[in-house]
Amino acid sequence: MAPRTLRSALSAAALAAALLTVAAGCVVAPTEPPAGSSTVDPGDSRAQLGKLKVAKAGSMRGYSRAKFPSWRSTGANCDVRDSVLARDGTKVKTSGCNVVAGTWRSVYDNKTLDTPTKVDVDHVVPLANAWRSGASAWTTDRREDFANDLDRPQLIAVSQTSNRAKGDQDPSTWKPSATGSWCEYAVDWITVKSYWKLTVTSTEKAALTDMLEKC
């Protein structure tokens, strides 16, 4: 598949096709728009950002990743992580549901990754950040839906180094080193927080506003 841009969401039909291919253990064929293409109007993101509730970050008390069950099944013994790797890679090869080869472009740092062991599947809005911005009040089922959301731009294959440098930080303290992706990163962050009705801090909102200037 062509590398996924942050704003480009895979259609349900294309994702279903990718899952069938993963289950069959075949090479995944391209189904996505070219990197850099987008139909998102940054003006929409600015409007969404303006509607997000601004609040102080909540407490981390009670947080654990176990409260966000991740990598649920996507059928045929595959899981969400398999699906993202198959979706975001180029010339992906699988053995059963295990992705064993392919190439991925990490939009956070523009690195090209030539083996799945170098790839992390990142939550664009980190789980701990979601906890601090409203998810602490959710049910576990809702947190599981958030952690496995393939319908919004919440899950993306990136380099391990960039994912681990990011940790649970928001855009006020961490931005992709590839400045060309700042617009897309901001749009995706806003899209996810808007859909899931999560709050933003004042510094986070200011950083997102600045990043949208790159659009």
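A compact table of results
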item	result
Compactness of region 152-204 as Cα Rg over 2.2 N^0.38 Å, two decimals	1.12
Cα-Cα over 27 Å, subset of K111/K197; K91/K175; K111/K175; K91/K214; K67/K193; K67/K214	K111/K197; K91/K175; K91/K214; K67/K214
Region 58-108 shape via C-alpha gyration tensor axes, a/c threshold 1.5	oblate
Whole-Å distance, taken between Cα centres, linking region 128-203 and region 95-126	17 Å
Rounded, prolate or oblate (a/c below 1.5 giving rounded, otherwise prolate when a/b exceeds b/c) for region 53-170 by Cα gyration tensor	oblate
Neighbourhood charge, 13 Å Cβ-Cβ cut-off, centred on D82 and excluding it, Lys, Arg +1 and Asp, Glu -1	+2
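Read-outs: derived from the displayed coordinates by stated rules, not from any lab. Quick caveat, the model's predicted, so the values are computed rather than measured. Reconstructed Cβ throughout: ideal geometry from the backbone, glycine too, with neighbour counts over all protein chains shown.
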